[in-house]
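Only the coordinates and a few stated rules stand behind these numbers; no lab work does. Since the structure is predicted, the reported quantities are computational estimates derived from the model, not experimental observations. Every residue, glycine among them, receives a Cβ derived from its backbone with ideal geometry; neighbour counts consider all protein chains shown.
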Amino acid sequence: MAQSGALESVGMGKRKITNEGNLERMVLPAATDVLGIAVKMLGGERIMVKCQDGKERLCRVRGKLKRRVWVREGDIVLVSPWDFQSDTRGDIFWRYRKNQAEWLRGHGYLKI
């Protein structure tokens, strides 16, 4: 029995992840994207986000992200403002984990 337990921890079955940093690549904001903090959950995949440009936007979680990631209050997110109503509306297309948010702060991307 000791051998089967050792095999499972080595690599049998699902891969065991010990560090969050190994999960995915880092996504940096493009010229039109804005970093922000999820302030209030409004329901129906809608979240009020306080963005770095000083505006609060009513944002929705994109369908691709909605199926994979839970966004909670206080999370650092990447927002793509809409072409129309760009000061008040946007889409959330990325959520940063805690270690990624610290990396953004350390490299000067996040000033909130």
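The figures follow:
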| item | result |
| --- | --- |
| Residue count, segment 87-101 (criterion: touching a strand residue (DSSP E or B) at 6+ places or on another chain (Cβ under 9 Å) and surrounded by fewer than 15 Cβ atoms within 10 Å (Cβ to Cβ)) | 3 |
| Some residue of segment 34-45 being among the β-branched types (V, I, T), out of contact with any His (no Cβ under 6 Å at 6 or more places or on another chain) and either exposed (fewer than 12 other Cβ atoms within 10 Å of the Cβ) or not in a strand (DSSP E or B) (or both) | no |
| Among residues of segment 100-112, those that are part of a loop (DSSP other than H, G, I, E, B) and among the small types (G, A, S), counted | 1 |
| Residues of segment 37-60 satisfying the condition of being without any contact (Cβ under 8 Å) to a residue 60 or more places away in the chain and of a type in the set (A, V, I, L, M, F, W, C) | A38, V39, M41, L42, I47, M48, V49, C51, L58, C59 |
| Any hit, segment 24-33, residues being surrounded by 19 or more Cβ atoms within 10 Å (Cβ to Cβ) and at negative phi | no |
